[in-house]
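Q: Following this message is one structure expressed as structure tokens.
Derivation of every value follows stated rules applied to the coordinates shown; laboratory data play no part. Small disclaimer: the values here were computed from a predicted structure and weren't measured. Cβ atoms come from the backbone with ideal geometry, glycine included; neighbour counts cover every protein chain shown.
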Amino acid sequence: MKIATTQIMRKIDSYCIDVLGIPGIVLMENAALKVMKNIRSNNKKFVIVCSSGNNGGDGFAVARHLLNRGSYVEIFSLGSEESMSADTLVNLNIIRNMGMKIIKVNNNEDLEVLRESIINCETTIDAIFGTGLSREVEGIYSLAITIINENSKYILSIDVPSGFECNSGKVMGNCIKSNKTVTFELYKKGFLGYDTDSFTGEIVIEKIGIPRSVVDKFHENEYIMDIDFIKKLIKQRNKYSHKGDYGRTLILAGSLGFTGAAYISTQAAVRSGAGLVTLCCDSSIQNILSGKLVEAMTASTNDEKRLDSLITKSNCIAIGPGLGNNHSTLKSLQKILLNSKCPVVIDSDGLNVLEGNLEMLKNKKCQIVLTPHMGEMARISGFSIDEINENKIDIAKKFAKKHDVVLLLKGFNTIITDGKTLQINPTGSSAMASGGMGDCLTGIIASFISQGYDILTAACVGAYVHGYCGDKLSKKMFCVNANHILEALPSIIKEIQDLE
């Protein structure tokens, strides 16, 4: 599913109208018909609130179709007719020619009429502001939005909720709180913001007749992953293959008091299909973990010769879970980045020791995947958590490009990017909010890289599968822990692979 900004949508519309010659009024009519498809059929009484822009034109066209269907419709208009777009004016005049009264909203008395009408209707349709809103909502517009929010039984917004900034998801002073948003052609970038679903409600994407070639021409390689995309990425296993064909994974993890992180990351690599997995940990905990890990081997980080050999022979190395934020971890990371020729996944304390040491990434001989959560990203990037939350996508892409890494920024709508292409992972939920989940993801990603997936693909498949396991399990469980994910991994990967 492709993601778009206001600027991209504007370019797409302009190209369709000015170059292809598709009249804007045709696109407006198609939009109205797709909104009609999403209106609850058992509702008979509607209030539609429009304005002078093209979003208002969509609303006037919807009003016409509702009237033709025999519904009771009251239409309110904000803003002046003098500033209306030509296509909006066409749809307004059609409504007038049908004998419908348009109620202008200019003062407090008009707002009271709007309030009474909304109280007595079943659905309010929001057609005030579209994707182009760039200023704070004030005055009569803000008051109208408040009345809609406070008195509506059900709100459907056209394209975006009015007052919603399309690119960032910010509330521009005041914003409609919709039950459903019917948006057109592409998923809007602002929908990815934190807590935006309290304004958008259910999001439905509808096609309105824009050729795919036009979308591809202006789209900027930003996507939301879905299960069909992931299914195509998961490789079928050749019946003649053996463990050597699925790679050697080396995990550097664990310390006293943090054996769980080492166990989880190692077992995740085993359970997601790596051929041979070795955990390298401090000798003080090696015996403990050797007793727990049945299918994986163990080695000591104190054995320099063995560690050097493992680094040379591995197909992927993961470093960080439970190692401790200390000089020893920093030395291990330096050794790997200077000597490894296979991809390296850096997580947890591997990321923590990068704070103030990002120059290490310049001297690497290997490809790198970084998997920070928000706090870790703040530490290594220098941005505050609030700054990252406000501009996650751009910060992530620029960081990945600058340091030539694949960055997987964990959290709601996990971001995966190499600085050029960006994928958003929609799977996972708060049921998974427990210790060890990040360690589990690290092992899964390292496993897929060892099996021959490129690092961006491995990060995408790993994140999706990890979250999908949690989503499936959470249907029957109040909380989902890392061990639950480990148990479910092989069957869930197979389930995705075999989907019809």
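Q: Using R₀ = 30 Å, calculate the FRET efficiency as 1/(1 + (r/R₀)^6) where r is the Cβ-Cβ separation of Asn302 and Ser491; round to 0.05. All intermediate terms of the calculation are to be shown ahead of the outcome.
A: Working: r = 38 Å, r/R0 = 1.25.
Approximately 0.20, to the nearest 0.05.
Q: Could you list the trypsin sites (Lys or Arg not before Pro) in segment 133-181 that lie in coil according to DSSP, counting only those with at most 14 other Cβ atoms within 10 Å of their Cβ? Write out the running numbers ahead of the final one.
A: Working: sites: Arg135, Lys153, Lys170, Lys177, Lys180; in loops: Arg135, Lys153, Lys170, Lys177.
Within segment 133-181, the qualifying trypsin sites (Lys or Arg not before Pro) (loop, at most 14 other Cβ atoms within 10 Å) are Arg135, Lys153.
Q: Please list, in chain and number order, the residues 5+ apart from Ile3 or on another chain whose amide H is under 5 Å from its amide H, with Hs placed from the backbone.
A: Those lying under 5 Å, H to H, from Ile3 are Glu222, Tyr223, Ile224.
Q: Now a separate question. Taking a ≥ b ≥ c as the square roots of the eigenvalues of the Cα gyration tensor of segment 16-101, is the shape rounded (a/c under 1.5), prolate (a/b larger than b/c) or oblate?
A: Taking the square roots of the gyration eigenvalues as a ≥ b ≥ c, segment 16-101 is oblate.
Q: Something else now. Got a sec to turn the phi values of segment 486-500 into Karplus ³J(HN,Hα) couplings, 6.51 cos²θ - 1.76 cosθ + 1.60 with θ = phi - 60°, whole Hz, x for Gly and Pro?
A: 4, 5, 8, 3, x, 6, 5, 4, 5, 4, 5, 4, 8, 4, 7
Q: Straight distance only, please: which lysines reach the Cα of Lys313 with their own Cα at less than 26 Å, same-chain residues fewer than 8 apart left out?
A: Counting by Cα, and skipping residues close in sequence, Lys313 has these lysines nearby: Lys235, Lys239, Lys243, Lys292, Lys305, Lys331, Lys335, Lys341, Lys362, Lys364, Lys365.
Q: Check Val345: other-chain or 5+ apart residues with amide H under 5 Å from its amide H, H built from backbone geometry?
A: The list, which skips near neighbours in sequence, is Ile317, Ala318, Ile319, Val369.
Q: So which trypsin sites (Lys or Arg not before Pro) in segment 228-271 pass both tests, a DSSP loop state and at most 11 other Cβ atoms within 10 Å of the Cβ?
A: The qualifying sites are Lys239.
Q: Could you give the alpha-carbon Rg of segment 3-220 over 2.2 N^0.38 Å, rounded to two decimals? Walk me through the intermediate numbers first.
A: Numbers: Rg = 16.1 Å, N = 218, 2.2 N^0.38 = 17.0 Å.
Relative to the 2.2 N^0.38 Å estimate, segment 3-220 comes out at 0.95.
Q: Would you mind telling me the antiparallel percentage of the DSSP bridges in the chain, rounded to 5? Mind dumping the intermediate values first?
A: Details: 9 of 60 bridges.
Expressed as a percentage, antiparallel bridges in the chain total about 15.
Q: If eta is 1.567 mPa s and T is 4 °C, what Stokes-Einstein diffusion coefficient results for segment 346-451, Kirkwood Rh from Cα pairs, in µm²/s?
A: Values: Rh = 14.2 Å.
In µm²/s, the coefficient rounds to 92.
Q: Still on this structure: Return the sequence-ordered ³J(HN,Hα) values of segment 188-194 in whole Hz as given by the Karplus equation 6.51 cos²θ - 1.76 cosθ + 1.60 applied to θ = phi - 60°, using x for Gly and Pro.
A: Per residue, the Karplus-derived 3J(HN,Hα) values read 7, 4, x, 5, 7, x, 5 Hz.
Q: Quote the charge dipole size of the chain about the Cα centre in Debye, to the nearest 20; the model charges only the Cβ of Lys and Arg (+1) and of Asp and Glu (-1). Mind dumping the intermediate values first?
A: Numbers: 54 positive and 53 negative charges, 324 e Å.
Its charge dipole is roughly 1560 debye.
Q: So, one more: Positive end of the dipole of segment 3-220, charges at C-beta (+1 Lys, Arg; -1 Asp, Glu), about the Cα centre: which of Asn151, Gly173, Asn108 has its Cα farthest in that direction?
A: Toward the positive end, the furthest listed residue is Asn151.
Q: Of Ile119, Ile22, Ser198, which is farthest on the positive side of the dipole of segment 3-220, counting Cα position, with +1 on Lys and Arg Cβ, -1 on Asp and Glu Cβ, and the Cα centre as origin?
A: Positive-most Cα among the choices belongs to Ile22.
Q: Still on this model: Trypsin sites (Lys or Arg not before Pro) within segment 414-500: which are DSSP loop residues with at most 14 other Cβ atoms inside 10 Å? Provide the component values of the computation, followed by the final result.
A: Details: sites: Lys420, Lys472, Lys475, Lys476, Lys494; in loops: Lys420, Lys475, Lys476.
Those that pass, being in a loop and sparsely packed, are Lys420, Lys475, Lys476.
Q: Expressed as a rounded percentage, what relative contact order does segment 3-220 have, with Cα pairs under 8 Å and six or more residues apart? Could the numbers behind the result be given before it?
A: Numbers: 437 pairs, mean separation 47.7, N = 218.
Over segment 3-220, the number comes to 22 percent.
Q: Near the amide H of Gly173, under 5 Å away, which other amide H atoms are found, from residues 5 or more places off or on another chain, if H is placed in the peptide plane?
A: Val137
Q: Whole-Hz ³J(HN,Hα) for each residue in segment 71-77, computed from phi via Karplus 6.51 cos²θ - 1.76 cosθ + 1.60 with θ = phi - 60°, x for glycine and proline: what do you get?
A: Computed from phi, the couplings for segment 71-77 are 7, 8, 10, 10, 10, 10, 10 Hz.
Q: For segment 314-368, just say rounded, prolate or oblate: build the C-alpha gyration tensor, square-root its eigenvalues into a ≥ b ≥ c, call rounded for a/c under 1.5, and beyond that prolate if a/b exceeds b/c, oblate if not. Mind showing how you got there, number by number?
A: Numbers: a/c = 1.86, a/b = 1.30, b/c = 1.43.
Taking the square roots of the gyration eigenvalues as a ≥ b ≥ c, segment 314-368 is oblate.
Q: Calculate, for Ser213 and Gln236, the FRET efficiency according to 1/(1 + (r/R0)^6) with r their C-beta to C-beta distance and R0 22 Å; round to the nearest 0.05. Each step should come with its number before you reach the end.
A: Working: r = 32 Å, r/R0 = 1.44.
Given R0 = 22 Å and the Cβ-Cβ separation, E is 0.10.
Q: If you take the square roots of the eigenvalues of the alpha-carbon gyration tensor of segment 227-497 and sort them as a ≥ b ≥ c, do you get rounded (a/c under 1.5), prolate (a/b over b/c) or oblate?
A: Values: a/c = 1.31, a/b = 1.03, b/c = 1.27.
Here segment 227-497 falls in the rounded category.
Q: Quick check for me: using +1 on Lys/Arg Cβ and -1 on Asp/Glu Cβ, what's the dipole size of segment 3-220 about its Cα centre, in debye to the nearest 20? Spell out each step's value before the answer.
A: On the way: 23 positive and 26 negative charges, 129 e Å.
The dipole of segment 3-220 has a size of about 620 debye.
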